[in-house]
Structures are given as structure tokens and as C-alpha cells.
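The values are calculated or read from the model by the stated rules, or taken from the named source; none is laboratory data. Everything numeric in this text was worked out from a predicted model, so none of it was measured. Cβ: placed from backbone, ideal geometry, glycine included. Neighbour counts: every protein chain shown.
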Amino acid sequence: MLTNLEIYRRAASGQICTQKEFDLKRYIPAVRSLIKKYGIDYDPTTPVPSDDDLVERIWQAGRELFLQVGVYCVDTERLITFDEVELDQALAHAPRPVILGTGQQAKAIPVRRPESSIMPFFSLGACGAGVTSDEVFMSLTQAYCELPYTDAIASPAMTEVDGMTIVAGSPLEVEGCVRTVTMTREAARRANRAGLGIANTVPTGVKSQGHIAGNAAAADQGDMMEIGNIAELKIDFDNLSKIAYMQGRGRTILGETGPVIGGYAGGPEGCAITLAGYHFFALLVLRASVQHPYTSHYQTQSCTSRQAFWLTSLALQAITRHSDVPCLESGTLAAGPATEMGLLEAAAMSATSVVSGGSVESGPTSRGTHPDYLSPMANLFAAEVGRSVVGMSREDVSAMVSKLLDKYESRLADPPPGRRYQDCYDMASRQPKAEALAVYRRARATLIETGLQFKDPPFYS
Amino acid sequence: MTDVETNPIAALMTAFTEADFDRVPGLVQEGLDKGLSARVLLDDGLVAGIREVGEMFRRGEVYLPEMMLAAEAWQAGMDVLEPLLEGQPQAEAKGRVVIGTVKGDIHSLGKNMVATLLQTAGFEVIDLGVDVPASKFVSAAIDARADIIALCALMTTTMPQQKEVIEHLAAADRREDFFVMVGGASATREWATQITADAYGETAADAVTLAEGYRNRAQRS
């Protein structure tokens with residue numbers, strides 16, 4: 001497979017192209033033309049499609065998109081392009097298996113296919129959503145680690161260091177990144193989970209110096225750094241620098257790839273093709289051992305809409321049918337903590353991912369944009385539902401997800417905000433308060449009404 | 001024959017609304033050949049067409065690619081008309097907006113959506129790009145005699161740079177000269193109030209509504 005330095009060489013010597021030309025003359029026309037060529041048509045009646053022919057067309061279109069368009073390096077204003085053989089080699093020689101955590105907490109992320117009977121991997125946590133204090137960070141992260149299904153932790157982001165607001169690129173960001181990893185590790189130890197893998201070591205950081213500092217200071221072989229695209233099929237030196245560091249240390253990269261519905265990729269059809277094509281971007285450019293595919297809507301920022309499920313399911317199915325590189329599918333929930341809507345969103349997203357061949361990185365509530373509006377309950381619920389749909393057919397999960405969407409999709413644009421972690425959980429015991437517990441019980445009952453048979457008893461009794 | 005086949009203005013509108021953008025410059029030329037004036041083709045064809053695409057975006061019927069392609073088509077049509085419009089009074093823009101993603105933040109999508117939507121709504125937009133230092137917003141707004149400054153930030157760690165721009169404006173004693181709008185995935189109404197921004201837009205469409213509201217108030221006063 002191509003080395004990361006070869007990617008840099010191409011970024012430095014490829015065809016010169018302005019960003020506007022890349023968007024308007026290469027990427028957008030290619031997406032529009034491939035939608036027509038492969039007959040991709042969004043179907044709102046099946047949030048989890050089971051049409052294998054459509055899945056195959058999405059894969060072919062995604063592959064063709066990546067070959068036709070290539071990748072744009074915004075720093076050199078040049079194209080990084082690839083040929084068929086390089087794509088085949090990337091699939092054949094991708095690194096695997098991926099084991100997160102160390103010692104007793106070491107666990108492999110399994111290779112799953114659509115409708116797989118293999119239990120998925122659950123990376124649970126705040127996934128980079130912000131918290132306002134060290135106290136909330138520690139209690140919340142320990143609570144995530146104490147969930148019985150947490151195979152790896154996805155840390156929150158700090159917004160302050162010693163009362164000073166963290167600013168990207170500043171020394172505070174570096175310090176915040178170091179503290180994030182150190183404190184996450186300590187939270188896992190307090191939960192008797194020392195050695196638990198961290199799926200996203202330094203969400204506090206934006207810039208490479210913060211990422212590198214956090215990883216160098218406290219991350220180990222069982223952790224991953226999450227590195228993503230900056231816009232559709234674009235990369236920059238800062239992210240290539242993170243990759244160079246991780247490759248140099250032989251560490252694992254989680255490749256975050258997320259087209260925005262309504263953005264450069266257009267509607268759900270263009271996003272589905274782009275997300276499938278992003279598998280090659282993840283392997284060849286991000287050097288990822290695990291792909292983290294997701295999408296969100298430009299207006300609601302929601303990852304749990306009907307369109308989002310349709311396109312992520314298709315892309316996930318396409319990728320997992322053709323690749324042995326595992327996917328951790330995730331996204332943010334629109335509703336806030338301790339709301340039934342938030343739990344139903346988590347259930348629908350987890351079920352969609354699991355039946356489509358993915359594992360689950362259950363993300364934050366409140367769109368991840370309101371500090372402290374987080375709770376372990378949605379993550380727990382995502383895992384309980386995800387475990388329970390293993391072995392179900394895509395048709396049955398699609399019907400279940402449709403029923404859940406019917407209950408909440410009209411509120412995606414204006415979701416209930418819920419309550420902060422410190423308001424719906426007891427910070428010392430890390431247990432939900434009575435009102436939150438009632439919400440959890442109602443959501444379990446709602447899922448049972450949709451026909452789901454839970455494999456496990458409720459964690460919160 | 002249908003109206004679209006015989007009427008160049010109707011055909012132009014259809015080209016915009018049905019995303020058949022490559023046809024726009026040819027249809028403009030066809031309109032000229034049929035005797036329509038450049039002013040009519042501009043106002044009733046190009047301007048009306050691109051504004052309709054903007055409205056379709058607001059209604060969620062089309063997405064960013066159609067907006068960007070429509071803006072390109074509008075420019076291609078203008079290239080045909082411009083020599084004929086020389087010397088004629090130009091329609092005044094609704095206002096001048098300096099826009100960018102703040103320092104430390106390289107995300108362009110939301111900023112581009114707002115910029116394109118403002119253009120389609122009739123504003124003159126000066127796009128400073130991404131990772132823009134506070135001082136550059138200030139100097140660009142002063143140099144361009146802008147009415148509005150629009151600040152985008154996606155990350156919680158880059159939002160403080162929105163505050164930084166406002167503080168730079170105050171330090172230059174120019175805070176009152178500009179209507180400052182903030183937005184981005186992590187920004188909230190509370191944040192906008194806290195940093196004394198003039199407005200917060202949750203969506204790209206909000207930004208246009210806010211900018212238009214400001215212009216209407218400014219024109220009345």
C-alpha cells in the first residue's frame with residue numbers, strides 16, 4: 001500500500017487546481033453524474049434498505065467517485081490522485097485486526113457484515129462534546145466507563161483549563177489535550193477499567209500540536225486518534241501532520257469521514273456515494289485502521305433523520321461487504337439528556353448501524369454543542385438496543401426504525417434540550433435521578449412496543 | 001409551443017429552477033437576439049432566477065451544489081450582458097457583507113452556504129475564506145465599507161475568536177460601524193449575547209433573514 005509520505009509527495013507535486021475548481025468542476029459534477037449513471041434514488045420508506053443491488057451500485061459509484069475526483073490538498077492547492085490498482089491494494093493490505101485497550105481491557109473491533117450475527121464493538125462516551133469543569137469531566141467519564149457494554153471510551157472535550165477558555169492553536173489547547181487523555185485514563189482506572197481503550201484520544205484539540213502533545217504525553221498502543229476530512233474529499237497539512245506522527249509511532253487512526261446532507265455532496269444520494277468513496281480516503285489518505293462514517297444535516301445538524309439512516313446504512317453495507325476494515329458508525333443526537341426522544345434517536349441509530357455491518361460509537365446528546373448536556377443513558381441505551389438487534393434482518397430493523405422515526409422526526413428541527421449531566425445524574429454516585437430513570441423505563445417500554453426483544457435486563461432497575 | 005420554448009425569461013427561470021445551469025448564457029443571448037433588453041434579462045431573468053434558487057434552498061428543495069452552480073450560471077449570464085449594461089445605472093446591492101471562518105478554524109461549508117445564500121439574496125459578499133485573523137476582519141470591513149460582518153466558527157475552541165473580532169472592532173473604535181452576526185455549529189444565542197454580537201443565526205437561511213432585517217431597519221432610520 002502507498003506510504004503516507006507518498007501521499008505527501010503527491011500533495012506537493014500533483015496537478016494544480018483552485019478549491020473552487022475542485023468543488024465546481026470536479027467533485028460536484030462527478031457526484032451528480034454518478035447519481036444518474038448508477039440510478040441512485042432516495043427512498044424515505046426504507047430507512048434501512050435491503051436492496052443488495054442498490055448497495056452494490058453505491059459501492060461502485062463511491063469507488064468511481066474517488067478515482068475520478070481524487071483528493072484536494074488545501075495547503076498546496078493540488079490534487080492527490082489514485083489508480084485502480086492502488087485502491088485494490090488499499091483494500092487488500094489494510095491493517096487488521098484492530099485491538100483497543102490493553103491488558104484485561106484489550107478487545108478487538110470485529111469485522112462485521114450486514115445482518116452479521118457477531119456482537120458489535122461499542123465505543124461509548126461524549127465523543128468530543130464539551131464539558132465545563134474537571135468535576136463534570138471526571139464524573140461523566142467514569143460513568144461511561146462503568147457501563148457494562150463500554151468496550152472503549154470516547155472522551156469529552158474540555159472547554160477550559162483552570163478557568164481559562166481554551167482557544168484553538170494556543171498553549172491552552174496543548175495543555176487541555178494532555179489533561180484530556182490523562183483524566184480519561186484516570187476515570188477509567190477509578191471505574192476499575194484501567195487499560196480501557198480511548199477511541200478519540202484528544203477531542204479537545206483542533207490543531208496537530210494539541211493532538212500530538214496529548215498522544216505523546218498519555219496515550220498508548222491501545223488508543224486511537226480520530227482524524228477527519230476537513231470538507232468533502234479535502235485534506236490539509238495540519239491533518240497530514242497528525243497522520244505522520246501516528247504512523248511514525250505505529251499507532252491506530254480512526255478515520256472520521258462525514259459528508260453533510262445539503263452540503264457539497266447535495267442530498268442523501270450524493271452523500272451515500274461520497275460516504276462509500278470515503279472508505280478509500282480513510283485507508284489511503286487518513287491511514288485509518290477503523291473508519292468512522294457518519295452524516296449530519298446542514299440545517300438541523302441531526303444525524304438521526306430518515307435521510308441520514310438511509311444513506312449511512314447504504315454506505316455501511318457497501319463498505320462492510322467489500323472491506324475487512326471495521327466501521328464504528330456514530331453521530332450526535334438532536335435531543336438532550338434525559339429525554340425519551342434522545343433515547344429513541346440513540347436506539348434507531350444503533351440499530352441501523354449494527355444491522356448494516358457496523359459497530360457503534362454512540363455519540364453525544366444535544367447535537368454535541370451545549371456543554372454539559374450529556375448523559376451516559378443514551379449511550380447505554382444505544383448499546384442495549386444494538387446488542388438486541390444482532391441477528392435481525394434489515395427489513396425488520398427498517399420497520400422498527402420507521403416506527404421510532406414516526407415518534408420523533410417531526411421534532412428534529414426543534415428538539416427538547418433536556419438537562420445537564422449534573423442535573424439529571426447524581427455526580428457522586430454517577431446514577432440517574434428519579435426523573436431520568438423514569439424516562440429510561442418509558443423508552444425501554446416504547447422499544448418493546450415496536451417489537452424489540454431486549455437481550456439483556458435493564459441496567460438501571 | 002410552451003411558454004418556456006417561446007419566452008426567454010420563462011426559459012431562464014426554468015433553467016435555474018430545474019438546475020439546467022449550462023443553458024443560462026445561451027438563453028441570455030437568445031433573449032437578446034429576440035429583442036429583449038439587457039436590463040430586462042438581468043432583472044427578470046438572472047436576478048429573479050438566482051433568487052428563486054435561494055428560496056428553494058431555504059425551503060430545503062435544493063442544496064449547496066445547486067446554489068453554487070446557480071451563482072456560476074448567473075456570472076456566465078452576466079458576462080454576456082455586462083458589455084451592454086455599461087453606462088446604465090446598476091441595481092444597488094442590499095448591502096455589503098464581509099464573511100469568513102475565524103482564526104484556527106478551517107471549516108468552510110457553513111460559511112460558504114451563508115455567503116452563497118447572501119449573494120443570491122442580493123448582497124455583495126466579500127469572502128475572506130477560513131482561518132481568518134481578527135484584525136483581517138476589521139481591516140477588510142473598513143476597507144470595503146461593509147455594513148455587516150459575518151463570523152463563522154464550528155468548534156467550541158474556535159468560538160472565542162468571534163469574541164476576539166468584536167474586541168478588535170472596539171479597540172479600533174469601529175464597533176458601532178458594523179452589524180456583527182455570528183453562527184456555526186457550536187455557537188448559540190446565549191453565546192452571541194455574551195460576546196455582544198448583534199445577531200445569531202442558527203442556519204444559513206437565518207443569516208439572510210437577519211441581514212435583510214438589519215438593512216431594512218437601517219434604511220428606515
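Among the residues of the range B:129-143, write down those that are in a helix (DSSP H, G or I) and either in contact with a Gly (Cβ under 7 Å, 6 or more places away or on another chain) or modelled with pLDDT under 90 (or both). Even if it seems obvious, please write down each step before you answer.
Our first condition is that a residue be in a helix (DSSP H, G or I); within the range B:129-143, this holds for B:134-143.
Selection gives B:Phe137 alone.
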Quiz item: Can you name the number of the only condition in (1) of a type outside the set (Ser, Thr, Tyr); (2) assigned to a helix (DSSP H, G or I); (3) under 25 Å from A:Glu115 (Cα atoms) that A:Gly39 fails?
Solution: (2)
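For residues that are in a loop (DSSP other than H, G, I, E, B) and of a type in the set (Val, Ile, Thr), scanning just the range B:157-201, find the one that is farthest from the other protein chains (Cβ to nearest Cβ).
Initially, the range B:157-201 is screened for residues in a loop (DSSP other than H, G, I, E, B), giving B:157-159, B:172-174, B:178, B:184-188, B:195-198.
This time we only want the ones that are of a type in the set (Val, Ile, Thr), so: B:157-158, B:188, B:195-196.
Values: B:Thr157: 4, B:Thr158: 5, B:Thr188: 7, B:Ile195: 11, B:Thr196: 16 Å.
Ranking the qualifying residues of the range B:157-201, first place goes to B:Thr196.
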Practice problem: Any chance you could count how many residues in the range A:53-76 are of a type outside the set (Phe, Trp, Tyr) and touching a strand residue (DSSP E or B) at 6+ places or on another chain (Cβ under 8 Å)? | Solution: 4
Quiz item: For the range A:147-186, which residues satisfy the criterion of being surrounded by fewer than 20 Cβ atoms within 10 Å (Cβ to Cβ), part of a loop (DSSP other than H, G, I, E, B) and among the hydroxyl-bearing types (Ser, Thr, Tyr)?
Solution: A:Ser170
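Would you mention how many residues in the range A:253-280 are among the β-branched types (Val, Ile, Thr) and more than 15 Å from A:Gly228 (Cβ to Cβ)?
As a first pass, look at the range A:253-280 and keep what is among the β-branched types (Val, Ile, Thr): A:253, A:257, A:260-261, A:273-274.
Restricting the remaining residues to those that are more than 15 Å from A:Gly228 (Cβ to Cβ) gives A:261, A:273.
Residues flagged as among the β-branched types (Val, Ile, Thr) and more than 15 Å from A:Gly228 (Cβ to Cβ) within the range A:253-280 amount to 2.
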Quiz prompt | Failed criterion for B:Ile126 (all others in (1) out of contact with any Leu (no Cβ under 8 Å at 6 or more places or on another chain); (2) away from chain A (no Cβ under 14 Å); (3) not in a strand (DSSP E or B) hold) | solution = (3)
Quiz prompt | Selection count where residues are at pLDDT below 95 and within 23 Å of the chain's Cα centre (by Cα), scope the range B:24-37 | solution = 0
Practice problem: Name the single residue, out of those in the range B:202-217 being among the hydroxyl-bearing types (Ser, Thr, Tyr) and over 21 Å from B:Asp105 (Cβ atoms), that is nearest to the other protein chains (Cβ to nearest Cβ). | Solution: B:Thr209
Self-check item: In the range B:50-63, the residues that are under 14 Å from the mean Cα position of the chain (by Cα), touching a residue at least 24 places away in the same chain (Cβ under 8 Å) and more than 9 Å from chain A (Cβ to nearest Cβ)
Solution: B:Ile50, B:Arg51, B:Glu52, B:Val53, B:Gly54, B:Arg58
Quiz item: Since B:Thr188 meets every condition but one in (1) buried (at least 24 other Cβ atoms within 10 Å of the Cβ); (2) farther than 23 Å from B:Leu69 by Cα, which condition does it not meet?
Solution: (1)
Practice problem: Starting from residues that are closer than 19 Å to A:Asp223 by Cβ and either touching a residue at least 60 places away in the same chain (Cβ under 8 Å) or among the aliphatic types (A, V, I, L, M) (or both), keep the ones in the range A:163-187 and report whichever is farthest from the other protein chains (Cβ to nearest Cβ). | Solution: A:Ala187
Quiz prompt | Condition check for B:Glu66: assigned to a helix (DSSP H, G or I), among the charged types (D, E, K, R) and away from chain A (no Cβ under 14 Å) | solution = no
Quiz item: Given (1) over 21 Å from A:Ala231 (Cα atoms); (2) in a helix (DSSP H, G or I); (3) not polar (S, T, N, Q), where does A:Leu284 come up short, assuming only one miss?
Solution: (1)
Exercise. Could you figure out which of (1) in contact with a helix residue (DSSP H, G or I) (Cβ under 9 Å, 6 or more places away or on another chain); (2) of a type outside the set (A, V, I, L, M, F, W, C); (3) more than 14 Å from chain B (Cβ to nearest Cβ) isn't true of A:Tyr264?
Key: (3)
Quiz item: Where residues in the range B:69-110 are away from chain A (no Cβ under 12 Å) and of a type in the set (Lys, Arg), which of them is surrounded by the fewest Cβ atoms within 10 Å (Cβ to Cβ)?
Solution: B:Arg96
Exercise. Tally the residues that are surrounded by 13 or more Cβ atoms within 10 Å (Cβ to Cβ) and either within 14 Å of another protein chain (Cβ to nearest Cβ) or farther than 22 Å from A:Thr312 by Cα (or both), restricting the search to the range A:13-43.
Key: 19
Self-check item: Evaluation of B:Asp22 against (1) loosely packed, with under 15 Cβ neighbours inside 10 Å; (2) charged (D, E, K, R); (3) touching a Cys at 6+ places or on another chain (Cβ under 6 Å) (one fails), failing number
Solution: (3)
